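Chemist: Got a structure for you, questions after.
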Amino acid sequence: MSLNRKNMYGNRACCFYFAVVVLLASCSGNYEVYKDSGANLEARVEDLLARMTLEEKVWQLNQLILGDNLNVNNIGEEIMDIPAEIGSLISFTTDPEMRNAMQKRAVEETRLGIPILFGMDVIHGFRTIFPIPLAQACSFNPELTMQASQVAAKEAKLSGIDWSFSPMVDVARDPRWGRVAEGYGEDPYLASVFGSNVIKGYQGKALNDTFSIAACLKHYVAYGASEGGRDYHATEVSRNTLWNVYLRPFHAGIQAGSATVMSAFNDISGVPASANHYTLTEILKQDWKHEGFVVSDWNSIEQLVFQGAAANRKHAAELALNAGVDMDMKDLCYKDYLPELLEDRKISEERLDDAVRRVLRLKFTLGLFEHPYTPIVSDSLRYLTDEYRNLAREVATESMVLLKNDNDILPLKFKKIALVGPMADDSVNIMGSWSCHGKATDVVTIKAGLEASGLYEIEYSKGCEIDAVLPNGLADARRIAGQNDVIVLCLGEYAWWSGENGSKSTISLPKIQKELLKELAQTGKPIVLLLSSGRPLELYDVEPYANSILQIWQPGTMAGYAVCDILSGNISPSGKLAMTFPYNTGQIPVYYNARRQARIPYQSQGQGRYKDIQNEPMYPFGYGLSYTDFKYGNIILSDSIAEIGDRLKISVNIRNMGNMDAEETCLWYISDPVSYITRPVKELKYFEKRMIGSGEEETFTFELDTYRDLGYYADDGNYFVEPGQYYIMAGTDSIKLILK
Ligand code: BGC
């Protein structure tokens, strides 16, 4: 695939055509095409653009905030006097009246009446909080994520939000980076599927549908490669990795129709993402033909100065606009300098108009000109309906991953539970970072969920704080542990230890929590360990003390009911890891789809191995236990020889050997052992999750498209498919395919 410049000229021809239409229309009287909902979209855009002054155009390219800023990391001067001509506002209010009042000024008191676009970080729910995205990826159930996004869109839309700054599809391989919580794990295909489903959930069939909101793919691009897991840091990314890892989910998101894209903070091997013409214009707009707009991340234009790319704010505005950033989030660099830059001929009128056109296009497509206001609906009708809560419970249950279950300690056969730990009755951290307008009072804690089931007698002791000693905490916990049949120990992290600006130098649990675990282990009572975190954790020194480990992540509003569903055996755990759990922090980065190493034959003799620890991670990508055993049969391939472009059917039978119905996800990988650009050991290409009845067998089928699934990108972005041998894998079997 080569970069296609024809499209650029194609767009120009199109604009010329509509300019003629608009000219003819305006000659025939005072007909305002842009106000005519029946007129062609591009004609409306051109008509409005032609009427705008430079100042009005520039305001459309700026975003400010409305209400008290909920994002503690977003530091900046508060602008109280918001001009009604502003292009967009990040709205932190749930009060539609506030939006409507602001919108009224824009629609009724400005010369052209251009409505404002209201955005917000709706990351895993608006008021009904679903599990963090990393957890959702572990469900391997993208259909549920699509439904959760529909719910989030409804709650947001009825609160005055037109646009969500999600999905985040930054592939991430370093769990020290707190933002792993916000994405869909370490695999580009998984991130592509989940990201696309979020977009479909938000945007519905049409952007102007009653409950549709616009999506924003972020953070474009390679932000997940932040060095050492430090946030806002520079990234060192080869073109090979850029194309084959980081760009793939963004490309999928554009194909799924994402209305907008957010440019990232990171410097990409010398060119910051928000000043990167190659990624923003050549790839995104010209090659992928994205017609929506690019918004900068918070402060990412001004930060070009800190990053050493721009001499001052004016220079930063020049670099960002010329690279392809259309809207300036919060910095006002565009407002302050675009007119001057135009006069200095540092930016062109054509590029400025292109940016404005993109913003207007979305406002028309969303139907904002026809329906600028939000209806007033009571909280009980717009939030947390039974349907939303049931869905949140289902997503949470499916996203939990059973990491260990010695002697089938789960599901629980005991009645008397000692419930211990700082997360057991937590209603804040369990929602995770970016919990939007979620409220602690809505949350069903683990304790509340287990108690409400009526299945257990529960004695509770906190034991310790998340990162601090609680007076008499250990002794009290030990006391109640001795009096009960089983210990359910709930450990984990603060919500703010992950998410933005949530980096950690170690992914180990705090010392006090490990002391609590060891103290309880001395009682000899079985320990079921529940872990709530926004990242994979270091468990080598924790695992030996627990009989069973369930990674519950940050499950959101319905945490307690979901935990109870799994512990009681009402539902068998079906989550699998979307991100590898390293053996220890020093092993990072460790991920399943690494390229091969040089001394494979000598590995058993200790070559290429750590001297102090195992090379293998604690729990790899795709790992997750169930309450039943699944037996995979041999893979059957419809044809063992194929040509490029052929489609093949590959199937495998999976039998549920246990006595409980349970869901299983079949992961299909390919491997290309010899290639002119060396490739990862294996690459996920498809997955499917299905319920299999106890004692029953299901056939799982993967329709492999030899062009789509076997190809790779060269450094220049050219996609190629090489003839030769490939292997296809599912379960423990693999089968050879010859591509002619
Ligand atoms: C974050 C973005 C977010 C934006 C607006 C930034 O600091 O990096 O992910 O969308 O703030 O809140």
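Listed here are the residues, each with its yes/no results for (1) part of a strand (DSSP E or B); (2) small (G, A, S); (3) within 25 Å of the chain's Cα centre (by Cα).
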position	(1), (2), (3)
K335	no, no, no
P339	no, no, no
D353	no, no, no
V356	no, no, no
L360	no, no, no
P372	no, no, no
R389	no, no, yes
A392	no, yes, yes
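Chemist: Next question. Can you name the residue in segment 205-242 that is closer than 22 Å to L360 by Cα and among the aromatic types (F, W, Y) and is also surrounded by the most Cβ atoms within 10 Å (Cβ to Cβ) among such residues?
Modeler: Y220
Chemist: Of the conditions (1) aromatic (F, W, Y); (2) under 13 Å from the mean Cα position of the chain (by Cα); (3) surrounded by 24 or more Cβ atoms within 10 Å (Cβ to Cβ), W177 satisfies every one except a single condition; which number is it?
Modeler: It is condition (2) that W177 fails.
Chemist: All but one of (1) open to solvent by 10 Å² or more (accessible area, probe 1.4 Å); (2) under 28 Å from K504 (Cβ atoms); (3) more than 16 Å from the ligand (Cβ to nearest atom); (4) touching a Cys at 6+ places or on another chain (Cβ under 9 Å) hold for S192, so report the exception by its number.
Modeler: The single condition S192 does not satisfy is (4).
Chemist: (1) at pLDDT 95 or above; (2) closer than 28 Å to S498 by Cβ; (3) under 18 Å from the mean Cα position of the chain (by Cα): which one isn't true of Q255, the others all being true?
Modeler: It fails just one condition, (2).
Chemist: Considering segment 269-291 alone, what residues qualify as being more than 16 Å from the ligand (Cβ to nearest atom) and surrounded by 22 or more Cβ atoms within 10 Å (Cβ to Cβ)?
Modeler: Within segment 269-291, A275, N276, T279, L280, I283, L284, K285, H290 meet the criteria.
A quick yes/no check of all residues on (1) modelled with pLDDT under 95; (2) among the charged types (D, E, K, R); (3) on the phi > 0 side of the Ramachandran plot:
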| residue | (1), (2), (3) |
| --- | --- |
| A215 | no, no, no |
| K218 | no, yes, no |
| P249 | no, no, no |
| S269 | no, no, yes |
| Y278 | no, no, no |
| I283 | no, no, no |
| D297 | no, yes, no |
| L304 | no, no, no |
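Chemist: Okay, moving on. Please count how many residues of segment 699-714 are in contact with a Phe, Trp or Tyr (Cβ under 7 Å, 6 or more places away or on another chain) and either of a type in the set (S, T, Y) or touching a residue at least 24 places away in the same chain (Cβ under 8 Å) (or both).
Modeler: So the first thing to find is which residues in segment 699-714 are in contact with a Phe, Trp or Tyr (Cβ under 7 Å, 6 or more places away or on another chain), and the list is 702, 710-714.
So of that shortlist, the ones also either of a type in the set (S, T, Y) or touching a residue at least 24 places away in the same chain (Cβ under 8 Å) (or both) come out as 702, 710, 712-714.
The total comes to 5.
Chemist: Here is a follow-up. For the structure I just gave you, tell me whether S533 is surrounded by fewer than 20 Cβ atoms within 10 Å (Cβ to Cβ) and in contact (Cβ under 8 Å) with a residue 24 or more places away in the chain. Working first, answer last.
Modeler: On the way: surrounded by fewer than 20 Cβ atoms within 10 Å (Cβ to Cβ): no; in contact (Cβ under 8 Å) with a residue 24 or more places away in the chain: yes.
When the stated conditions are applied, S533 does not pass them.
Chemist: Could I ask something else about it? Out of (1) more than 30 Å from A152 (Cα to Cα); (2) in contact with a Pro (Cβ under 6 Å, 6 or more places away or on another chain); (3) small (G, A, S), the odd one out for G556 is which?
Modeler: G556 satisfies all of (1) more than 30 Å from A152 (Cα to Cα); (2) in contact with a Pro (Cβ under 6 Å, 6 or more places away or on another chain); (3) small (G, A, S) except (1).
Chemist: Based on this model, can you work out whether N299 counts as open to solvent by 10 Å² or more (accessible area, probe 1.4 Å) and either within 16 Å of the ligand (Cβ to nearest atom) or more than 16 Å from N62 (Cα to Cα) (or both)?
Modeler: In short, yes.
Chemist: Follow-up. Give S694, S734 a once-over and let me know the one that is more than 23 Å from A191 (Cβ to Cβ) and touching a Gly at 6+ places or on another chain (Cβ under 8 Å).
Modeler: S694
Chemist: Among the numbered criteria (1) under 35 Å from the mean Cα position of the chain (by Cα); (2) in a loop (DSSP other than H, G, I, E, B); (3) in contact (Cβ under 8 Å) with a residue 60 or more places away in the chain, which one does L450 miss?
Modeler: (2)
Residue by residue, here is whether (1) in contact with a strand residue (DSSP E or B) (Cβ under 9 Å, 6 or more places away or on another chain); (2) of a type in the set (G, A, S); (3) modelled with pLDDT of 95 or more; (4) at negative phi holds:
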| site | (1), (2), (3), (4) |
| --- | --- |
| T445 | no, no, yes, yes |
| G499 | no, yes, yes, no |
| I507 | yes, no, yes, yes |
| A521 | yes, yes, yes, yes |
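Chemist: What number of residues within segment 465-502 are open to solvent by 50 Å² or more (accessible area, probe 1.4 Å) and farther than 23 Å from P526 by Cα?
Modeler: Number of matching residues: 6.
Chemist: Which residues, taken from segment 628-657, are open to solvent by less than 20 Å² (accessible area, probe 1.4 Å) and over 30 Å from N718 (Cβ atoms)?
Modeler: Of everything in segment 628-657, those that are open to solvent by less than 20 Å² (accessible area, probe 1.4 Å) and over 30 Å from N718 (Cβ atoms) turn out to be T628, I635, V652, I654, N656.
Chemist: Out of F265, F211, I need the residue that is of a type in the set (F, W, Y) and away from the ligand (no atom under 15 Å from the Cβ). Which one?
Modeler: Just one listed residue meets the conditions, F211.
Chemist: Being closer than 29 Å to C333 by Cβ, surrounded by 14 or more Cβ atoms within 10 Å (Cβ to Cβ) and not charged (D, E, K, R) is the filter here, so list the residues in segment 31-53 that pass it.
Modeler: Result: Y34, V45, L48, L49, A50, M52.
Chemist: In addition: Quick one: in segment 305-316, which of the residues that are closer than 23 Å to N71 by Cβ and in contact with a Cys (Cβ under 9 Å, 6 or more places away or on another chain) is least open to solvent (accessible area, probe 1.4 Å)?
Modeler: A316
Chemist: Let me ask another. How many of the residues in segment 586-618 are of a type outside the set (D, E, K, R) and under 30 Å from E664 (Cα atoms)?
Modeler: So the count comes out to 12.
Chemist: When you scan segment 385-401, do you find a residue that is more than 28 Å from Q147 (Cβ to Cβ), more than 16 Å from the ligand (Cβ to nearest atom) and open to solvent by 40 Å² or more (accessible area, probe 1.4 Å), even just one? So that I can check it myself, show each step before the final result.
Modeler: As a first pass, look at segment 385-401 and keep what is more than 28 Å from Q147 (Cβ to Cβ): none.
Scanning segment 385-401 turns up no residue that is more than 28 Å from Q147 (Cβ to Cβ), more than 16 Å from the ligand (Cβ to nearest atom) and open to solvent by 40 Å² or more (accessible area, probe 1.4 Å).
Chemist: Additional query: Looking at (1) acidic (D, E); (2) in contact (Cβ under 8 Å) with a residue 24 or more places away in the chain; (3) away from the ligand (no atom under 14 Å from the Cβ), find the lone condition where E227 falls short.
Modeler: (2) is the only condition that E227 fails.
Chemist: Which of the residues spanning segment 66-85 are within 16 Å of the ligand (Cβ to nearest atom) and either touching a Leu at 6+ places or on another chain (Cβ under 6 Å) or of a type in the set (D, E) (or both)?
Modeler: Result: L66, D68, E77, E78, I79.
Chemist: What about N197, is it away from the ligand (no atom under 16 Å from the Cβ), touching a strand residue (DSSP E or B) at 6+ places or on another chain (Cβ under 7 Å) and not β-branched (V, I, T)?
Modeler: no
Chemist: Might you check whether a residue that is of a type in the set (A, V, I, L, M), closer than 28 Å to I571 by Cα, out of contact with any Phe, Trp or Tyr (no Cβ under 8 Å at 6 or more places or on another chain) and open to solvent by 40 Å² or more (accessible area, probe 1.4 Å) occurs anywhere in segment 676-698?
Modeler: yes
Chemist: Same structure, new question: In segment 317-332, which residue that is at pLDDT 95 or above and within 16 Å of the ligand (Cβ to nearest atom) is most open to solvent (accessible area, probe 1.4 Å)?
Modeler: Step one: list which residues in segment 317-332 are at pLDDT 95 or above, which gives 317-329, 332.
So of that shortlist, the ones also within 16 Å of the ligand (Cβ to nearest atom) come out as 320, 325-329, 332.
On the way: A320: 0, V325: 0, D326: 0, M327: 0, D328: 0, M329: 7, L332: 27 Å².
If we take residues in segment 317-332 being at pLDDT 95 or above and within 16 Å of the ligand (Cβ to nearest atom), then L332 is most open to solvent (accessible area, probe 1.4 Å).
The values are calculated or read from the model by the stated rules, or taken from the named source; none is laboratory data. It should be emphasised that the depicted structure is a prediction, and the values quoted were computed from it without experimental measurement. Neighbour counts run over all protein chains shown; Cβ positions are idealised from the backbone, glycine included. Heavy atoms of the whole protein, side chains included, go into the accessibility calculation; ligands, DNA and RNA do not. Shrake-Rupley method; radii C 1.70, N 1.55, O 1.52, S 1.80 Å.
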